[in-house]
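Just below is one structure, and these are the notes that go with it.
The values are calculated or read from the model by the stated rules, or taken from the named source; none is laboratory data. For clarity, every value in this text was computed on a predicted model and none was experimentally measured. Here Cβ is always computed from backbone atoms with ideal geometry, including for glycine, and neighbour counts include all displayed protein chains. Note: accessible area is taken over every heavy atom of the protein model, side chains too, but ligands, DNA and RNA are not part of it. Shrake-Rupley method; radii C 1.70, N 1.55, O 1.52, S 1.80 Å.
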Amino acid sequence: MSVLEGLLKAFGNGSVEVIDLTTPLSRDTPILNLPEPFSNTVGLDLSPVSDFDDAGPAWAWNDITVGEHAGTHVDAPVHWISGRDGKSVDQIEPSRLVGPLVVIDKSMEVADNPDFLLEPEHLEQWQEEHGQFPANCWIIFRTGWSTRGGNAADFVNADEAGPHTPGVSVDGARWIAKNASISGFGVETVGIDAGQAGNFDPMFPVHSYLLGADKYGVTSLRQVDKLPLVGATLIVAPLPIVGGTGSPARVYALVESA
Ligand code: MN
């Protein structure tokens with residue numbers, strides 16, 4: 001039996017499950033909201049072209065308007081000034097978008113402290129417990145944050161000091177950027193950096209260091225609580241927008257039942 005025949009058999013008998021980590025994309029999907037004087041992107045809008053009417057009696061279809069960085073989406077290197085000479089989203093090799101999945105679970109810590117930051121010691125501790133990060137892996141930072149996704153105010157969690165959402169410290173971002181085994185970093189929050197990361201030095205260190213090191217981000221992930229810490233495979237599928245700085249994406253995990 002070939003490897004793919006074995007995989008299809010496993011899908012058929014349920015021993016490998018496909019888990020959809022994507023936030024449904026609608027007008028209500030929470031998107032990033034930058035403060036003045038910065039400009040903001042738009043979320044999804046649908047406008048009907050026809051709806052089984054005179055404009056198309058037997059067919060319905062819509063035009064969509066959507067920001068590259070709306071909902072569950074990929075950040076490509078050209079999104080950030082540190083990666084401006086790097087790849088646009090269409091140039092990311094498919095082989096970098098499918099790989100072994102590493103889950104780092106800090107949901108208990110985040111429940112106590114929404115500004116919790118992932119540090120190098122947390123990444124090193126994971127490796128002490130589970131082994132080295134596998135080649136071409138994606139890290140998903142499990143925080144439990146997606147449980148707030150149904151309420152935009154809870155999801156952004158802002159006060160007069162700005163948003164308070166978990167992320168990665170400057171040292172942690174530098175650590176990930178330097179690790180040759182890591183292809184990408186996924187989060188449950190609206191962006192790959194912490195809510196307060198505009199105040200860090202450098203500001204937005206995950207964007208700055210990872211996108212500058214040809215690593216990619218993916219945001220607004222859901223159902224992360226269903227993933228094992230090791231052993232799953234991640235499939236990240238952005239649209240190949242030519243020259244795009246990112247794209248809404250469908251994200252699946254293949255998980256083997258115990
Ligand atoms: Mn983005």
> Where in region 213-247 does the amide nitrogen come within less than 20 Å of the point 7 Å from the Cα of Arg96, taken along Cα to Cβ?
Replying inline: 213-220, 233-247
> How large is ³J(HN,Hα), in whole Hz, for each residue of region 142-151 in order, when computed from phi with the Karplus curve 6.51 cos²θ - 1.76 cosθ + 1.60 and θ = phi - 60°, using x for Gly and Pro?
Replying inline: 7, 10, x, 5, 5, 5, 8, x, x, 10
>> Using only the heavy atoms of the protein chains and a 1.4 Å probe, how would Asp53, Asp63 rank by accessible area, largest first?
In response: Asp63, Asp53
> Any idea what the relative contact order of region 195-252 is, in percent, if you count C-alpha pairs under 8 Å spaced at least 6 apart?
Replying inline: 19
> Under the Karplus relation 6.51 cos²θ - 1.76 cosθ + 1.60, θ = phi - 60°, what is the ordered set of whole-Hz ³J(HN,Hα) values for region 200-205, x standing for Gly and Pro?
Replying inline: 7, 10, x, 5, 6, x
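Out of all DSSP beta bridges in region 118-205, what portion is antiparallel? Express it as a percent rounded to 5. Write out the running numbers ahead of the final one.
Working: 2 of 8 bridges.
Counting DSSP beta bridges with both partners in region 118-205, the antiparallel share is about 25 percent.
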> Based on the Cα coordinates of region 1-111, what is the per residue volume of their convex hull in Å³?
Replying inline: 261
>> For a quick check: with amide H placed at 1.01 Å from N, whose amide H comes under 5 Å from Ala232's, ignoring anything fewer than 5 positions away on the same chain?
In response: Leu101
> What is the packing order of peptides 124-131, 105-112, taking the mean over residues of other C-beta atoms within 10 Å and listing the highest first?
Replying inline: 105-112, 124-131
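Based on the Cβ-Cβ distance from Ala153 to Met1, what FRET efficiency comes out when R0 is 51 Å, to the nearest 0.05? Mind showing how you got there, number by number?
On the way: r = 52 Å, r/R0 = 1.01.
Here the calculated transfer efficiency is 0.50.
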> Once you have the alpha carbon radius of gyration of region 85-189, what is it after dividing by 2.2 N^0.38 Å, with N set to its residue count?
Replying inline: 1.17
>> I need the per residue convex hull volume for the chain, using only the alpha carbons, in cubic angstrom as a whole number.
In response: 163
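So what is the calculated 222 nm ellipticity per residue for the chain, using -39500 (n - 2.57) for each DSSP H run with n of 4 or more, over all residues, to the nearest 500 deg cm²/dmol? Working shown, then result.
On the way: 6 runs with 46 residues, N = 258.
That comes out to -4500 deg cm²/dmol.
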> Which of the lysines could be linked to Lys178 by a straight reach, that is with a Cα gap under 28 Å, when you skip same-chain ones fewer than 8 residues away?
Replying inline: Lys87, Lys106, Lys215
